[in-house]
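Below: the structure, in C-alpha cells.
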Amino acid sequence: MSFISNSLIIEKYLRKDMLPTIFCTGCGIGSVMNFTLRAIHDLNIDINKTVFVSGIGCSSRIPGYIYSDGLHSLHGRAIAYATGVKLANPELKVVVFTGDGDCGAIGGNHFLHAIRRNIDLTVISINNFIYGMTGGQVAPTTPLKSKTTTTPYGNIEYPIDLSMMAKVIGAPYVARWTTAHPIQCISSIKKALQKKGFSFVEILSPCPTSYGRLNKMGTTLDMTKHFKESTINIKLYEKMLAEGKTTDKMVIGEFVDIEKEDFNTKYKKFYSDLK
Amino acid sequence: MCVEYCPKKVYVKSEKLSKKGVFPPEVKFPENCIKCHLCELMCPDFAIIVEDKNDK
C-alpha cells in the first residue's frame, strides 16, 4: 500500500469550511472517515458517482464533511434510503455510515431485510457500545455489566453481535476490525467497496466521553490498547477452537467473503425474461 | 495517539493548554522522523501532515 498524504485527502475529499470536525477529543469516527477516504482514493472510485448515506448519531455526521453527494436521513432509516438510491440509479456507489444504535436497534429491521434482498451497498457500522450523542444511554451492543447513564449499576441485557447477525442472514462480505487496526480496516473497506452485494464492515471505535468516562476506561489511548488486548483474530480463534480451548475475547477479522448474486442483477434478469 | 504510536517518538505532549482545553502534541525531534506516515493514519482529526523536504 502506498502512503497518501493527509493534505491530498483534505484537498480532494473534504469540505474545508466544515473543518475541524465536531467529534469529541479522542473519538474514533474521524479515523473511520480517514480509512474510508483512503480506500476510495486507492481504488480510484469517482467521488461524483458515490453517495454517502447516514442516519442519526455521532457516526452519521460523516457525510457532512465529505465533498460529495450525501443524505442525512431519519433515525435508523439510513439503509432504507440507501436501498432507494441504489434501485433508482444502479450506477451509483452507495456507502452507508451507521452507528450501532442506528443499525442494530432503531434500524434493525431495515438491516435484516437489506441483507436478505442482497442489495449492493457498503455498510460501515461504527460501534462504540453506547448512544454517545444523546448522553450515554444503554445500546443493544453494550456489553454485560457495563455502566451507562440508564444502567448505573451495570447492564444486565445480553448484547447483540452485529457481524454475526449479518453472517447468519447471509451477507456476502462481513468483517470486523477496531480503530487500532488501521491497515486491516483499509483493506477490508476496499474489499467491501469492490464486492457486488451487501457488504458489512463493523469497526469498533473508542468513545472516551461517554463509554470510557462512565466505565473508568481512561483516555482514547487506554481504550485503543484495551481493544488490542481484548480482541482476537479469527484465524487464531479457529486454531484455539480446534485445540479445544475457549476464550471470552471479542473475535475480529474477516468472517465471510463469498460471491452471491445481488438484487439489481437479479431484477434486470427477471425484467428481461418478462419481455 | 500520535505520541504513543510514533515508532521513533518524534512527538511530545506539550505543556501548554490549547484553546479547546487539551494538551496538543508537539513535534520535538523532527530529525528522527522516518516518514512512515503512521501518525497521519492514526490521527482522527486530519491534523497531521508529514512533508518531505526533498520534494520542494
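Averaged per residue, the stretch A:17-274 has 45 square angstrom of accessible surface, using a 1.4 angstrom probe with ligands and nucleic acids left out. Residues of the stretch A:137-167 with an amide N closer than 12 Å to a point placed 7 Å from the Cα of A:His75 along the Cα-to-Cβ direction: A:137. Only helices enter this figure: runs of n ≥ 4 DSSP H residues, each worth -39500 (n - 2.57), summed and divided by the residues of the protein assembly as shown, yield -9500 deg cm²/dmol at 222 nm to the nearest 500. Residues whose amide H comes within less than 5 Å of that of A:Thr50, counting only those at least five positions distant or on another chain, are A:Asp69, A:Lys93 (H built at 1.01 Å from N in the peptide plane).
Only beta bridges with both residues in chain A are counted; by DSSP, about 20 percent of them are antiparallel. Between A:Val251 and A:Ile232, the built amide H atoms are under 5 Å apart, and every one of these is 5 or more places off in sequence or on another chain. Backbone geometry of the stretch A:232-248 corresponds, through the Karplus equation with coefficients 6.51, -1.76 and 1.60 at θ = phi - 60°, to 3J(HN,Hα) couplings of 9, 5, 4, 5, 5, 5, 5, 4, 4, 5, 5, 7, x, 8, 10, 8, 9 Hz, x marking Gly and Pro. Here the Karplus curve 6.51 cos²θ - 1.76 cosθ + 1.60, taken at θ = phi - 60°, turns the phi angles of the stretch A:46-56 into couplings of 5, 5, 6, 10, 10, 10, 9, 10, 8, x, 10 Hz, with x standing for Gly and Pro.
A Förster radius of 30 Å combined with the Cβ-Cβ distance from A:Lys275 to A:Lys196 puts the calculated FRET efficiency at roughly 0.80. Between B:Glu26 and A:Asp46, the distance separating the two model label sites (each 7 Å from Cα on the Cα→Cβ line) works out to 4.9 nm.
Tell me, what % of the accessible area of the protein assembly as shown is carbon and sulfur with a 1.4 angstrom probe? Before the final figure, lay out the partial values.
Working: 9490 of 16950 Å².
After summing per-atom areas, the C and S share lands at 56 percent.
Under the classification rounded if a/c is under 1.5, otherwise prolate if a/b is larger than b/c and oblate if not, where does the stretch A:198-256 fall, given a ≥ b ≥ c as square roots of the Cα gyration tensor eigenvalues? Oblate is the answer for the stretch A:198-256, as a/c is 1.5 or above yet b/c matches or exceeds a/b. Once both labels are positioned 7 Å from their Cα atoms along Cα-to-Cβ, the gap between A:Asn264 and A:Ile4 label points is 2.1 nm. Accessible surface buried at the A:B interface totals approximately 1900 Å², computed with a 1.4 Å probe on protein heavy atoms.
Residue-wise HN-Hα couplings along the stretch A:110-119, as the Karplus relation 6.51 cos²θ - 1.76 cosθ + 1.60 with θ = phi - 60° gives them from phi, are 4, 4, 4, 7, 5, 5, 4, 6, 6, 7 Hz; Gly and Pro carry x. With 10 Å bins beginning at zero, the pair-distance distribution over Cα atoms of the protein assembly as shown amounts to 5, 25, 34, 24, 9, 2, 0, 0 %.
The values are calculated or read from the model by the stated rules, or taken from the named source; none is laboratory data. Keep in mind the model is a prediction, meaning the values are calculated, not measured. Backbone-built Cβ (ideal geometry, glycine too); neighbour counts: all protein chains shown. Side chains are part of the model used for accessible areas, which takes the heavy atoms of the whole protein and leaves out ligands, DNA and RNA. Shrake-Rupley method; radii C 1.70, N 1.55, O 1.52, S 1.80 Å.
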